[in-house]
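Contents: one structure, followed by commentary.
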Amino acid sequence: MRLKDKTAIVTGAGSGFGEGIAKRFAEEGAKVLVADIDGSAAKRVAEDIDGAEPFKVDVSDGGQVKAMMAAAKDAFGGLNILVNNAGIAQKRGPMLDVREEDFDRIYAVNVKSIYWGALHGVPLLRESPGGVIINIASTAAISPRPGLTWYNGSKGAAVTLTKSMAAELAPEGIRVNAVNPVIGETGLTAEFMGGDTPEIREKFIATIPLGRMSTPLDVANAVLYLASDEAEMLTGVCLEVDGGRCI
């Protein structure tokens, strides 16, 4: 049990990568707060996990993130692992066609949420030794595709924040890493691709040397490793889970 006696918050855990991470953590002994903007989805996932608790949260709202941290402490007595997974996509298209309100929402969810998670989560992580933060970024930060410019930038920010947070928090024994998934089987797939047909999928898969999209389990296994004590010497790492996409 690689996460025995550990407590974790996973945001965006009502579906996709977050659901996979929450369930994988629980299989390895963690107590998990399943957090999602969709309260019914969070409840559904939590009901499938022994000892998990659901929490409805908009991660772009600092007050709600603060309440999420308090809920984890109330439910589990503290916090060992924070996974900033919640994110939104940009509708695929020319960068000049993206409305300001959509740009602002992308950065509020994909970037500012990391700020709120640090502001309200780091004090809680300091209460227990060996705290871990894992940010779910994207291969878009490393090898960006056209048509997703503002989303690419938000994930680039997540990667840079991961490295800077790692450097700043290392003296306190708090590790900060990121995972960069390639496009995967989630609720955002069609929006990323600009549609979902066999022809569109073939075009995207052709850029992935291992010949398939990522799955929630692929991402969850990488996050599990970075969260575990096996990775206690790793901080500031941004691990591509991409089937070779960024080679």
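Where a number appears in this text, it was derived from the coordinates with a stated rule and is not lab data. Everything numeric in this text was worked out from a predicted model, so none of it was measured. Cβ coordinates were reconstructed from backbone atoms using ideal geometry, including for glycine residues, and neighbour counts include every protein chain displayed.
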Can you figure out the FRET efficiency of Ala170 with Ala206, using R₀ = 41 Å and their beta-carbon distance, to the nearest 0.05? 0.55
Which whole-angstrom value gives the distance between the alpha carbon centres of the stretch 104-168 and the stretch 195-219? 24
Sequence gap of 8 or more, or different chains, plus Cα separation below 21 Å: how many lysine pairs satisfy both in the chain? 29
Note down the net charge around Ala158, summing +1 for each Lys or Arg and -1 for each Asp or Glu among other residues with Cβ under 15 Å from its Cβ. +2
Given +1 on the Cβ of Lys and Arg, -1 on the Cβ of Asp and Glu, and no further charges, what dipole in debye does the chain carry about its Cα centre, rounded to the nearest 20? 280
Net charge within 14 Å of Thr235 by Cβ-Cβ distance, Lys/Arg positive one each and Asp/Glu negative one each, not counting Thr235 itself? -3
Starting from one equal scatterer on each C-alpha and no solvent at all, send me the Debye-based log10 I(q)/I(0) for the chain at q = 0.13, 0.15, 0.17 Å⁻¹, two decimals. -0.74, -0.99, -1.28
Tell me the GluC sites (Glu not before Pro) within the stretch 196-247 that lie in a loop according to DSSP and have at most 16 other beta-carbon atoms within 10 Å. Glu232
